[in-house]
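Structure record follows, encoded as structure tokens.
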Amino acid sequence: MSAERTYLMVKPDGVQRGLCGEIVSRFEKKGLKLVAVKFTVIPKATAENHYGEHKGKKFYDSLISYITSGPVLAMVWEGDGAVAVCRNIMGKTNPQESAPGTIRGDFGMVTGMNLIHGSDSVESAAREISIFFRPEELMTYDRSADAWIYE
Ligand code: DAT
Ligand code: MG
């Protein structure tokens with residue numbers, strides 16, 4: 001088992017709609033391990049750093065105002081292939097194209113309010129985790145259930 005980490009965040013619409021528990025539960029039940037969590041309103045400069053790759057795109061300004069519009073649930077999750085596993089659990093970017101059974105497929109209707117962020121690569125994950133968490137906020141612990149999740 002490799003301890004790959006990914007950065008996930010329930011966006012303001014997910015928080016406002018009372019879906020934090022439902023969303024966290026899906027990653028927890030899958031067998032991923034929670035490493036860090038923070039409930040916070042993202043400062044504008046931090047949002048611009050996080051979404052820097054999208055600067056200049058037509059949806060950029062609305063993306064920044066949406067992601068800073070209210071509290072988000074910022075998290076780090078760990079597990080074998082965690083980045084790709086979590087992207088699959090989230091579903092495609094456009095919720096109208098996301099498969100049923102995924103978070104976006106089950107709960108979303110438009111790309112501009114697609115409920116959850118997840119890192120798209122191991123490199124992005126490392127960058128994003130460092131934006132939102134200090135190293136000492138990342139928990140290292142043994143989980144007895146791992147013996148029943150990984151061969
Ligand atoms: P993802 O969040 O699936 O990694 P992304 O990195 O391409 O998708 O885009 C980041 C966010 O920006 C996405 O979750 C929602 C918003 N977004 C992307 N493309 C968009 C579009 N065409 N119209 C409106 N919002 C968009
Ligand atoms: Mg992305």
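The values are calculated or read from the model by the stated rules, or taken from the named source; none is laboratory data. Remember, it's a predicted structure, so these values are computed and weren't measured experimentally. Note: ideal-geometry Cβ built from the backbone for every residue, glycine included; neighbour counts use all protein chains shown. Note: areas computed on protein heavy atoms with side chains; ligands, DNA, RNA excluded. Shrake-Rupley method; radii C 1.70, N 1.55, O 1.52, S 1.80 Å.
Where residues in segment 47-63 are under 14 Å from F132 (Cβ atoms) and touching a residue at least 40 places away in the same chain (Cβ under 8 Å), which of them is nearest to the chain's Cα centre (by Cα)?
Per the criteria, the residue is H50.
Pick from I89, I129, I103: which is more than 16 Å from E22 (Cα to Cα) and more than 10 Å from ligand 1 (Cβ to nearest atom)?
The match here is I129.
So, of the residues in segment 1-54 that are assigned to a strand (DSSP E or B) and of a type outside the set (A, V, I, L, M, F, W, C), which turns out to be surrounded by the fewest Cβ atoms within 10 Å (Cβ to Cβ)?
T40
Pick from segment 93-104 the residues that are surrounded by fewer than 17 Cβ atoms within 10 Å (Cβ to Cβ) and farther than 16 Å from L8 by Cβ: which of them is nearest to ligand 2 (Cβ to nearest atom)?
The extreme case among them is N94.
Can we say D120 is without any contact (Cβ under 8 Å) to a residue 60 or more places away in the chain, on the phi < 0 side of the Ramachandran plot and open to solvent by less than 100 Å² (accessible area, probe 1.4 Å)?
Taking the combined requirement at face value, the residue satisfies it.
Only one of L138, L73, L63 is among the aliphatic types (A, V, I, L, M), within 13 Å of ligand 1 (Cβ to nearest atom) and at pLDDT 95 or above. Can you tell me which?
L63
If I go through segment 1-47 residue by residue, how many of them are within 15 Å of H117 (Cα to Cα) and modelled with pLDDT under 95?
Within segment 1-47, residues that are within 15 Å of H117 (Cα to Cα) and modelled with pLDDT under 95 number 0.
Among the candidates K44, K38, K11, single out the residue that is touching a His at 6+ places or on another chain (Cβ under 8 Å) and within 17 Å of E128 (Cβ to Cβ).
From the options K44, K38, K11, the qualifying one is K11.
If you go through segment 55-92, how many residues are open to solvent by 30 Å² or more (accessible area, probe 1.4 Å) and assigned to a strand (DSSP E or B)?
Count: 0.
Could you give me the residue pairs with C-beta distances under 7 Å whose first residue belongs to segment 64-91 and is within 16 Å of R26 (Cβ to Cβ), whose second residue is modelled with pLDDT under 95 and not in a strand (DSSP E or B) wherever it lies, and which are 6+ apart or on separate chains?
E78/A3
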